[in-house]
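Participant: Before anything else, here's the structure in question.
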């Protein structure tokens, strides 16, 4: 590998770099000017070609930026090479011309909507055109890189200059993605800036906000509220708050011939990005009777997590995160010893690599993540929904495993309850490109419409 | 009914040992710890279950430690209900369940013997001082072990002056006007003041003093003792910054600020010995428990003691916890430095934490 990471982006300067308001102003003005010259003038087809060519590059084993990302990724992010590779491969496999066109159709009703006025076959008497903001600032969460990279893709589709602000120590993979876009088309790459600093730096952020027509942010409800109140009145704000996910397994699914496959799928969901994404499960609820299906599911899950640790290790986590796991395990050790009928736990030996907690209490419990998963027995779906009532407004994905004839009723019940995404277990952290984040539009929240009545 | 005789006997022996001022060798400490653990297993069901699920051990360092958090959901005491005369609650927010550490007359006697001896050695250093606390008084916060402690240490010095109150929502607040008037109530040349408070009560006061540009000059030789975390009760201020503020607002030197580490689930406290310096020459606050309590720093990954200079979770073996559980596993991170430890401050983990709550916008 003979690729050196050039200093194209502010984040390339390293975590010690200090920025001034003047530097941010200059960066924003440059982005806007580059966008005007290089991005606003391209049509949708050209943008799709650049994105899909970049994705194709990432899927080549010898693509230098992929190689460097996989090589340096573990030290930079804490995720193991296997975890990063699996996550990136899935993202780039679904990022192609076909899926991007599907996305545009779904969101804007017409592929050419961003190129000029046009009408879908259901629109009569007018043509409409959509325009993206001149500049978008993304305040990224930094827990996993994919949402940030996807935001960049959406911003490119609507032809916006983009400033991506990452928390300290979390820009590496989005930065490599920005480099790959630069590698495909340097003019398009010059419409993107990536920087990292500790959030809450009002001087830098307010400068950035003044130059942005739109700000997106992922974070706690409190931090989103703070950001929103600092924005100029005309700036559009898209906030993505707390979301949690869980799985539901019926007796039919766990007792059927696909049970072994189901366990592997469930572990896929737990190990994907070490459970740190909003779509990762905190809990698998398992429909149970006197047959101890949930207990068996938990035991098998532990066996598979142990096997997976060899092939796809979790990697190193912070002392704080390890302390959280150790503390939670210590509590469950007492519960399991003292009340073994209602609680049991299985843990990796000599490390915090993986943990399975079995409980009969159906109350929703937030996991410590990093491959720490609850299995809760439940008599039926209704009890799950009662137990999860406290997170009802924050549920993103429910992964389900059920017999074919059970699925439709389960989906209807979950949709009415408030879940915004339902998918098979094993695909929780692998949403399609057209997945509506938090049940909201992807592109149509970003654009401004112009209707031309004829 | 539980026969408390063995515990009373142990408590009497320990009080004798505390008052003797003698240290304890590792073997002596180990023998006492194993004896007490054995007694506690006999009366406390969850401890018996926990220890029973593990292999038999014969080293005090390997004894099963009860997570402090379990004091919230289990009755971890050898005292029968009729003898639970007093209870200390943890100072969690009102929306969370709080710990329950039960006491009777005998256990409080031991608690106070433990408290006074180590406090005298480390904080007052046996000098006569005037005690002023930023917390509410015992009458307003009867179940706070900290307030109990602050009252008890002042008893022999004419009583502690309490400047805090509990508001309608249960939160503690300092009566600022009374604090400002404090120096005029202390004649010049009088005893030095020992100002006691929690980190969040100091932040409340210091923020207001700064806003109103007030400085309070305490009498020569005065000291400040601060303890505890923030628990969402004020903005969180790094320790070094807090101490700088205390120094400038109260006119005390850095070495006159003493830190305490304690919790309602324990009966002994650790104080910083004020001796540490890190590689850059920066001051480190190294804590030490009295001879009858020991702290181990445990790796969260391996569950074993960490090497010197490494970070882990504090596990405390407090022989003065005779009637409850001696070995307590805390959720506090610390660095091991010989038989002392340095606390690592960390943001309290939110009880409601989703993916984006963990890391966002920081």
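Nothing in this text is a laboratory measurement; each read-out follows from the coordinates by a stated rule. The model shown is predicted, which means the values in this text are computed figures rather than measured ones. Positions of Cβ are backbone-derived with ideal geometry, glycine not excepted, and every protein chain shown enters the neighbour counts.
Participant: Using all C-alpha to C-alpha distances in segment A:343-435, build P(r) with 10 Å bins and read off the rounded percent in each one.
Facilitator: Here the calculated profile for segment A:343-435 is 14, 42, 34, 9, 1.
Participant: OK, next. Return the calculated 222 nm mean residue ellipticity for chain B, to the nearest 500 deg cm²/dmol, obtained by summing -39500 (n - 2.57) across DSSP H runs with n ≥ 4 and dividing by the residue count. Numbers along the way, then the final one.
Facilitator: Values: 10 runs with 106 residues, N = 362.
The per-residue figure over chain B is -9000 deg cm²/dmol.
Participant: Mind pulling up the Rg/Rh value for segment A:143-255? Radius of gyration and Kirkwood radius, both on Cα.
Facilitator: On the way: Rg = 17.0 Å, Rh = 15.8 Å.
In segment A:143-255, Rg relative to Rh is 1.08.
Participant: How much of the calculated P(r) for segment A:187-301 lies past 18 Å, in percent of all Cα pairs? The partial results should precede the final answer.
Facilitator: Values: 4285 of 6555 pairs.
Value for segment A:187-301 (Cα pairs over 18 Å): 65 percent.
Participant: Here is a further query. Give me the percent of DSSP beta bridges within chain B that run antiparallel, rounded to the nearest 5. Intermediate results must be reported in sequence, preceding the final value.
Facilitator: Details: 33 of 51 bridges.
If I count the DSSP bridges inside chain B, around 65 percent turn out antiparallel.
Participant: What average number of partner chain Cβ atoms lie no more than 10 Å from the Cβ of the residues making up A:218-227? Don't jump to the answer; show the numbers that get you there.
Facilitator: On the way: counts 5, 7, 11, 4, 4, 5, 3, 0, 1, 1.
Taking all residues of A:218-227 together, the mean is 4.
Participant: Hey, what's the Kirkwood Rh for chain A if you take every pair of different alpha carbons, in angstrom? Walk me through the intermediate numbers first.
Facilitator: Details: mean 1/r = 0.0429 Å⁻¹.
For chain A, inverting the mean 1/r across all distinct Cα pairs yields 23.3 Å.
Participant: Further question on the same structure: For chain B, calculate the relative contact order in percent as a whole number, restricting contacts to Cα pairs under 8 Å that are 6 or more residues apart.
Facilitator: Reported as a whole number, the value is 16 percent.
Participant: Using Cα-Cα distances under 8 Å and only pairs 6 or more residues apart, what relative contact order does segment A:182-294 have, in percent? Walk me through the numbers before you get to the answer.
Facilitator: Details: 107 pairs, mean separation 24.1, N = 113.
Answer for segment A:182-294 is 21 percent.
Participant: Just tell me how shielded A:308-319 is by partners: mean number of partner chain Cβ atoms within 10 Å of each residue's Cβ, no decimals.
Facilitator: On the way: counts 0, 0, 0, 0, 0, 0, 0, 0, 1, 2, 2, 10.
That works out to 1 on average.
Participant: If packing is taken as the average count of other Cβ atoms within 10 Å, what order do B:250-258, A:323-331 fall into, highest mean first?
Facilitator: Numbers: B:250-258: 17.0, A:323-331: 23.0.
The peptides rank, most packed first, as A:323-331, B:250-258.
Participant: Can you check what the Kirkwood hydrodynamic radius comes to for segment A:83-204, Cα pairs only, in Å to one decimal? Can you show the working numbers first?
Facilitator: Working: mean 1/r = 0.0626 Å⁻¹.
In segment A:83-204 this quantity evaluates to 16.0 Å.
Participant: Something else about it: What is segment A:317-396 by shape, rounded, prolate or oblate, if you read a ≥ b ≥ c off the alpha carbon gyration tensor as root eigenvalues and call it rounded for a/c under 1.5, prolate for a/b larger than b/c, and oblate otherwise? Spell out each step's value before the answer.
Facilitator: Numbers: a/c = 2.52, a/b = 1.39, b/c = 1.82.
In terms of gyration-tensor shape, oblate.
Participant: Over the Cα atoms, compute the radius of gyration (one decimal) and Dmax (the largest Cα-Cα distance, rounded to a whole number) for segment A:91-163, in Å.
Facilitator: 14.2, 47
Participant: Please list the equivalent ellipsoid semi-axes of the protein assembly as shown, computed as the square roots of five times the alpha-carbon gyration tensor eigenvalues, in descending order and whole angstrom. Please list the in-between numbers first.
Facilitator: On the way: eigenvalues 561, 233, 108 Å².
Those come to 53, 34, 23 Å.
Participant: I've got another one for you. Report the gain in length on full extension from residue B:310 to residue B:59: 0.36 nm times residue separation, minus Cα-Cα distance, nm rounded to one decimal.
Facilitator: Values: separation 251, 0.36 × 251 = 90.36 nm, distance 2.23 nm.
Fully extending the segment from residue B:310 to residue B:59 adds 88.1 nm.
Participant: Could you work out the Rg to Rh ratio of chain B, with Rh taken as the Kirkwood radius (inverse of the mean 1/r over all Cα pairs)?
Facilitator: Numbers: Rg = 20.5 Å, Rh = 21.4 Å.
With Rh from the inverse mean 1/r over Cα pairs, Rg/Rh is 0.96.
Participant: Does segment A:145-206 classify as rounded, prolate or oblate by the C-alpha gyration tensor (a ≥ b ≥ c root eigenvalues; a/c under 1.5 gives rounded; else a/b over b/c gives prolate, otherwise oblate)?
Facilitator: Numbers: a/c = 1.92, a/b = 1.56, b/c = 1.23.
Cα axes put segment A:145-206 in the prolate bin.
Participant: Sort B:80-86, A:46-52, B:201-207 by the packing proxy (mean of other Cβ within 10 Å over each peptide's residues), most packed first. Let's see the in-between values first.
Facilitator: Values: B:80-86: 13.4, A:46-52: 19.1, B:201-207: 21.9.
The peptides rank, most packed first, as B:201-207, A:46-52, B:80-86.
Participant: Please express the shape of segment B:53-156 as an equivalent ellipsoid: the semi-axes are the square roots of 5 times the eigenvalues of the C-alpha gyration tensor, given largest first in whole angstrom. Mind dumping the intermediate values first?
Facilitator: Numbers: eigenvalues 158, 79, 39 Å².
Ellipsoid semi-axes (Å, largest first): 28, 20, 14.
Participant: Debye calculation, C-alpha points only, no solvent: report log10 I(q)/I(0) for segment B:1-86 at q = 0.17, 0.21 Å⁻¹, in the same order as the q values.
Facilitator: Evaluating at q = 0.17, 0.21 Å⁻¹ gives log10 I(q)/I(0) of -0.86, -1.19.
Participant: Give, in whole angstrom and from largest to smallest, the semi-axes √(5λ) of the equivalent ellipsoid of segment A:5-68, with λ running over the eigenvalues of the Cα gyration tensor. List each step's numbers first, then the result.
Facilitator: Values: eigenvalues 142, 95, 7 Å².
After diagonalising the Cα gyration tensor, the semi-axes are 27, 22, 6 Å.
Participant: May I pose another question? Once you average over the residues of B:324-330, how many Cβ atoms of partner chains fall within 10 Å of each Cβ?
Facilitator: Working: counts 0, 0, 0, 0, 0, 6, 3.
Going residue by residue through B:324-330 and averaging, the value is 1.
Participant: Here's another thing I want to ask about it. Considering every Cα-Cα pair within segment A:1-134, what fraction, in whole percent, is farther apart than 20 Å? The partial results should precede the final answer.
Facilitator: Details: 5729 of 8911 pairs.
For segment A:1-134, the share of Cα pairs beyond 20 Å comes to 64 percent.
Participant: Cβ neighbours within 10 Å, averaged per peptide: list A:209-217, A:194-202 in order, most packed at the top.
Facilitator: Details: A:209-217: 22.2, A:194-202: 18.4.
By packing density, highest mean first, the sequence is A:209-217, A:194-202.
Participant: Just rank B:111, B:323, A:257, A:8, fewest to most, by other beta-carbon atoms within 10 angstrom. Before the final figure, lay out the partial values.
Facilitator: Numbers: B:111 26, B:323 31, A:257 6, A:8 18.
Fewest-to-most Cβ neighbours within 10 Å comes out as A:257, A:8, B:111, B:323.
Participant: Restricting to Cα pairs below 8 Å that are 6+ residues apart, what does the relative contact order work out to for segment A:319-372? Please round to a whole percent.
Facilitator: Working: 54 pairs, mean separation 16.6, N = 54.
31 percent.
Participant: Is the shape of segment A:263-355 rounded, prolate or oblate, going by the alpha carbon gyration tensor and its root eigenvalues a ≥ b ≥ c, with a/c under 1.5 for rounded and a/b larger than b/c for prolate?
Facilitator: Values: a/c = 1.78, a/b = 1.20, b/c = 1.48.
Because a/c hits 1.5 or more and a/b fails to exceed b/c, segment A:263-355 counts as oblate.
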